[in-house]
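First up is the structure itself, then whatever we jot down about it.
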Amino acid sequence: MIVWFQGQEAVFGMLSVSAGHNATVMKRKALLGKPAVAPTGLTLDRRPAVAPRWLTCVLLLLVFISSAGAAKEVNRSALPPLEPVIVGEPERIEVYPAEATLDTPRRYMHLVVTGHYADGWIQDLTRAAEFVSSNADVARVESGQVLPVTDGTADVTVRVGEHEATSRFTVRGQGTPEPISFEYETLVALSKQGCNSGACHGSPSGKAGFRLSLRAYDPKLDELTLIRETYGRRVNPVRPEESLILQKPMMQVAHGGGKRLSEDDAAYAILKSWIAESCRVDSANAPECVRLEVYPPSARVLKRPAHTQQVTALAHFSDGTVRDVTDLAVFTSSDEEVAVVDERGLVVGKDRGQAAILVRYLDRIETCDLTFVRDIEGFAWSDPPAGNYIDELVHQKLRQLKYLPSELCTDEEFLRRVYLDLIGVLPTVIETKAFLEEDSTDKRGKLIDALLDRPEHAQFWALKWGDLLRVTDEKLSDEGVHKYYRWLVEAFRHNMPYDQFARELLTAQGSTFQNPPANYYRAAVDMEDCTETTAQLFLGVRIQCAKCHNHPFERWTQDNYYGLAAFFNRVQRKKSPRPDELVVWVARGGEVTQPRTGETMAPWLPLAGEADVAGDVDRRQALATWLTGPDNPFFAKVEANRIWAHAIGRGIVEPIDDFRDSNPPSNAALLDALAEDFIKSGYDRKALLRTILNSRTYQLSANTSAFNADDEKYFSHAQIRLLSAEQLLDAICHVTAVPEKFAGLPAGTHATALPAPNGEHDFLKVFGQPERQTACACERPDESNLSQALQLFNGPLVHGKLRDEQNRFRMLAAAERTDEQIVRELYLASLCRPPSEAELHAAILHIAAKDDRMMALEDVCWALLNTNEFLFQH
């Protein structure tokens, strides 16, 4: 049994088992002549047939205690204590913006100061700068913010030490009042304070009888609820400060959301002024926001002592004006372990790494990419050799962040790893011996080539895509499952180019039996399902949020959702006279109506806009042509990332099907290079996989050092992960030499070759075999649980295979093999390596101490099946 607690160690059976799948060293300690004893005091060198009830209770308690700390939610909204700015000796300073116009009494502009140093590094010096206006009667400066006074011009001089820079301001229109904009100020203020978030009044049913549109995506609804609903009780133009929308968030009246607003907040001033101006809404010809500009505009690397960065946001409007909206924009960090950002855009780096700062102003979203680095004591780049461009780009990132890559894995580790990654099953003992005994320098590359050509490779990777395409009896019928699965297997066996693979799926029609790709439209049952599945599989976008409202954290709008849906609304399905057969066909007409606006939506493509498609043409052809084109920035990257994640254990973008600005790649240059290589190869998935597996990065050890132990994102060492349900079942069958039987399938069928989930198989269900109800890779869990531990400890599957009279160690004993020979073969079968002297000695002593040799051998095999080294891919 394994107790899945990080940082603890449990001893069961014959071996000490290092707990937690974040362990980076496979511990294999032998218990010299002593029976294994659990921490509870229970002797476990023999397995009970049924788990004692008290043991289950103890384990549940341990799980509860272990998870209690992790369940606590940490509030990271506040910045850590700010360290003083260490200016050093910059060569020059630069101020942004160099010039600006303040054309109404309420316009202002934040200044950002950057220091440039001789070694090429830069630092945000805004907090250390002194600001002086040449004419305070025209423009004054408060805390780095330029405010207008009267019409005219003024220069703001910025000083940091001996260095100066100047920003020129033109001030005009100060005699003309500027009314508050309902859409671009009032609703933005509510968004800034979180009032219209999904957890508050922006939820579908609102809160406490007050509903706003999520993130202000529907101004008409907000106009109704703020001004007219409940007889206007929420606003009081006569006494604005007594309005409920001010009193509640300030806790002057009971408010379930707590205190959200203070009088010194920019949002308070805007809301109060809007109410005092009689709650006016914008006119039909009012200027609209057409672009959001963020500074710094490109990726910036900051090396300690540089650790802060002021981010500003400028909104560009259709009348040519530019407004500083930094105080109204919403800022979030993609990785708060690396950097946090406050409500005014000040970013503070906490640890080395990279983070994207998402800046949102209504439906306009931009990001600022920041990388924080620091010197690590004792770090010296080891200059490891690069096998290909993958290693060069990984090493470049590791060197920048001061991570040292691990050493190469051993031949034993590589053999087990590559078999599991390419064909899903362990090598035979004969294959293991042959590989370990071969002394050629290119044997790893030759093994990769051989495994890519094995029929099991096609079956194993068809299993992976079977998850994504929802190949299940429930959705497709039994015959449909087998024909769809065979099509997938053949696609991988013949290495069908990925663009052709996607095109055949997206444009499929006809019988789901005669043309298996048509099952794509049987699993995706309607227009919305087709839209969301296609976006997630081939664009890496979880577009579901945009069905009901603009995506709160991405550029996708509700119009975009229904524009993409217009490619699928004509897809029709009808039953055939043949039982369980479905026919997919495409109607010549039919349009999509945007439910909120009532507008008829033309087919729309990301980045390309509306598609020019003739009225009666199958629109899916245009979608497939655009999607698989080499200029599409999504298609190749999504599949390259998916293949990388399957081989490495973690995506460059993680989760692998969640591409968005607020979830940047951990190594953008690497992802770009993989996608470019993929396109040049003609979308050859085997070629890309071969390149990845031949890289030094893939072949690194899982053992870490002091210089990479805390790296989880940048691929400085191999990722340890639990075998999938099917891999683990096949591995247990392999070690015991007792195959599993699946109803309706030929004898000897591997679990990794199952066409669809077997809902009756408890072991597979417990270890996370997905039901295939969604196209999300997240449906297959990668976390361990108590049920899994109990299955391994004394579950019927393991127990039955250990007691089977035809299993491996019983047949070896019947062939008069010695105890040493049997133990060695069990190690080769399970761990792809011979036992150490200590392990061999402990096992032989244990066997000799038992009266029943078969029971002792059973103990040894059981213990091996319960080691992390067996259960985890490493």
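Among the residues of segment 763-775, which ones are over 11 Å from Ala725 (Cβ atoms) and not β-branched (Val, Ile, Thr)? It would help to see each step written out before you state the result.
So in segment 763-775, the residues over 11 Å from Ala725 (Cβ atoms) come out as 771-775.
Selection gives Glu771, Arg772, Gln773, Ala775.
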Every residue from segment 579-631 that is closer than 16 Å to Leu564 by Cβ, assigned to a loop (DSSP other than H, G, I, E, B), of a type in the set (D, E, K, R) and modelled with pLDDT of 90 or more: Glu591, Glu599, Asp618
Every residue from segment 569-606 that is under 23 Å from Pro219 (Cβ atoms) and of a type in the set (Asp, Glu): Glu599
Of all residues making up segment 820-855, the number that are surrounded by fewer than 22 Cβ atoms within 10 Å (Cβ to Cβ) and over 20 Å from Val429 (Cα atoms): 13
Residues that are more than 31 Å from the chain's Cα centre (by Cα) and of a type in the set (Lys, Arg), drawn from segment 255-306: Lys259, Lys272, Arg280
Some residue of segment 703-710 being within 27 Å of Phe767 (Cβ to Cβ) and in contact (Cβ under 8 Å) with a residue 24 or more places away in the chain: yes
Tabulated pairs, segment 676-702, first free of Cβ contacts under 8 Å to residues at least 12 places away in the same chain, second assigned to a loop (DSSP other than H, G, I, E, B) and open to solvent by less than 10 Å² (accessible area, probe 1.4 Å), C-beta under 6 angstrom, 6+ apart or interchain: none
Unique match (being free of Cβ contacts under 8 Å to residues at least 60 places away in the same chain and either surrounded by 17 or more Cβ atoms within 10 Å (Cβ to Cβ) or out of contact with any strand residue (DSSP E or B) (no Cβ under 8 Å at 6 or more places or on another chain) (or both)) among Ala614, Ala587: Ala614
Segment 371-399 residues that are in a loop (DSSP other than H, G, I, E, B), paired with ones that are among the acidic types (Asp, Glu) (beta carbon under 8 Å, 6 or more apart): Pro384/Asp391; Pro385/Asp391; Ala386/Glu392
Condition met for Ala602 (touching a residue at least 40 places away in the same chain (Cβ under 8 Å) and surrounded by 13 or more Cβ atoms within 10 Å (Cβ to Cβ)): no
Filter result (in contact (Cβ under 8 Å) with a residue 40 or more places away in the chain, of a type in the set (A, V, I, L, M) and crowded, with 17+ Cβ neighbours inside 10 Å) within segment 206-226: Leu214, Ala216, Leu226
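Any residue at all in segment 181-200 that is on the phi > 0 side of the Ramachandran plot and either assigned to a helix (DSSP H, G or I) or within 40 Å of the chain's Cα centre (by Cα) (or both)?
Restricting attention to segment 181-200, the residues satisfying the condition of being on the phi > 0 side of the Ramachandran plot are 194.
From the residues that got through so far, the ones that are either assigned to a helix (DSSP H, G or I) or within 40 Å of the chain's Cα centre (by Cα) (or both) too are 194.
Yes - at least one qualifying residue is present in segment 181-200.
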Val188 being of a type in the set (Val, Ile, Thr) and closer than 26 Å to Ala313 by Cα: yes
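Could you list, in sequence order, all residues of segment 348-369 that are assigned to a strand (DSSP E or B), among the acidic types (Asp, Glu) and either more than 20 Å from Leu125 (Cα to Cα) or open to solvent by less than 30 Å² (accessible area, probe 1.4 Å) (or both)? Walk me through how you get there before you give the answer.
Within segment 348-369, the subset assigned to a strand (DSSP E or B) is 348-349, 353-361, 364-369.
Restricting the remaining residues to those that are among the acidic types (Asp, Glu) gives 366, 369.
Of everything in segment 348-369, just one residue is assigned to a strand (DSSP E or B), among the acidic types (Asp, Glu) and either more than 20 Å from Leu125 (Cα to Cα) or open to solvent by less than 30 Å² (accessible area, probe 1.4 Å) (or both), namely Glu366.
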Selection status of Val281, assigned to a loop (DSSP other than H, G, I, E, B), open to solvent by 10 Å² or more (accessible area, probe 1.4 Å), touching a helix residue (DSSP H, G or I) at 6+ places or on another chain (Cβ under 7 Å) and over 19 Å from Asp363 (Cβ atoms): no
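Report those helices (runs of 4 or more DSSP H) wholly inside segment 697-795 carrying at least 1 residues which are within 28 Å of Leu537 (Cβ to Cβ) and open to solvent by 50 Å² or more (accessible area, probe 1.4 Å).
Values: elements: 725-736, 762-766, 786-794.
Of the helices (runs of 4 or more DSSP H) lying wholly inside segment 697-795, those with at least 1 residues that are within 28 Å of Leu537 (Cβ to Cβ) and open to solvent by 50 Å² or more (accessible area, probe 1.4 Å) span 762-766.
For segment 479-536, which fully contained helices (runs of 4 or more DSSP H) count at least 3 residues that are open to solvent by 10 Å² or more (accessible area, probe 1.4 Å)?
Values: elements: 498-506, 520-523, 527-534.
Passing ranges, in order: 498-506, 527-534.
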Residue within segment 817-827 that is hydroxyl-bearing (Ser, Thr, Tyr), modelled with pLDDT of 95 or more, in a helix (DSSP H, G or I) and out of contact with any helix residue (DSSP H, G or I) (no Cβ under 6 Å at 6 or more places or on another chain) present: yes
Selection from segment 332-347 of residues that are open to solvent by 20 Å² or more (accessible area, probe 1.4 Å) and either more than 20 Å from Arg300 (Cβ to Cβ) or in a loop (DSSP other than H, G, I, E, B) (or both): Ser334, Asp335, Glu336, Glu337, Asp342, Glu343, Arg344
Conditions (1) within 35 Å of the chain's Cα centre (by Cα); (2) farther than 26 Å from Gln145 by Cα; number of the one not met by Arg233: (1)
Residue satisfying condition, being at pLDDT 95 or above and outside any loop (DSSP other than H, G, I, E, B), within set Ile679, Ile652: Ile679
Residues satisfying the stated conditions in segment 422-443, i.e. crowded, with 22+ Cβ neighbours inside 10 Å and either over 15 Å from His750 (Cα atoms) or among the basic types (Lys, Arg) (or both): Thr432
Members of segment 829-874 that are assigned to a loop (DSSP other than H, G, I, E, B) and polar (S, T, N, Q): Ser836, Asn866, Thr867
Residues of segment 92-120 satisfying the condition of being open to solvent by 40 Å² or more (accessible area, probe 1.4 Å), hydrophobic (A, V, I, L, M, F, W, C) and modelled with pLDDT of 95 or more: Ala98
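Of all residues in segment 301-331, which are among the polar types (S, T, N, Q) and either under 19 Å from Ser191 (Cβ atoms) or open to solvent by less than 40 Å² (accessible area, probe 1.4 Å) (or both)? Step through it out loud before you land on a result.
So the first thing to find is which residues in segment 301-331 are among the polar types (S, T, N, Q), and the list is 308-310, 312, 318, 321, 326.
If the condition is that a residue be among the polar types (S, T, N, Q) and either under 19 Å from Ser191 (Cβ atoms) or open to solvent by less than 40 Å² (accessible area, probe 1.4 Å) (or both), then Thr308, Gln309, Gln310, Thr312, Thr321, Thr326 are the ones that fit.
The values are calculated or read from the model by the stated rules, or taken from the named source; none is laboratory data. What you see is a predicted model, and the numbers here were worked out from it, not measured in a lab. Methodologically, a virtual Cβ is constructed for each residue, glycine included, from the backbone with ideal geometry; neighbour enumeration extends over all protein chains shown. These area figures cover heavy atoms from the full protein model, side chains too; ligands, DNA and RNA do not enter into them. Shrake-Rupley method; radii C 1.70, N 1.55, O 1.52, S 1.80 Å.
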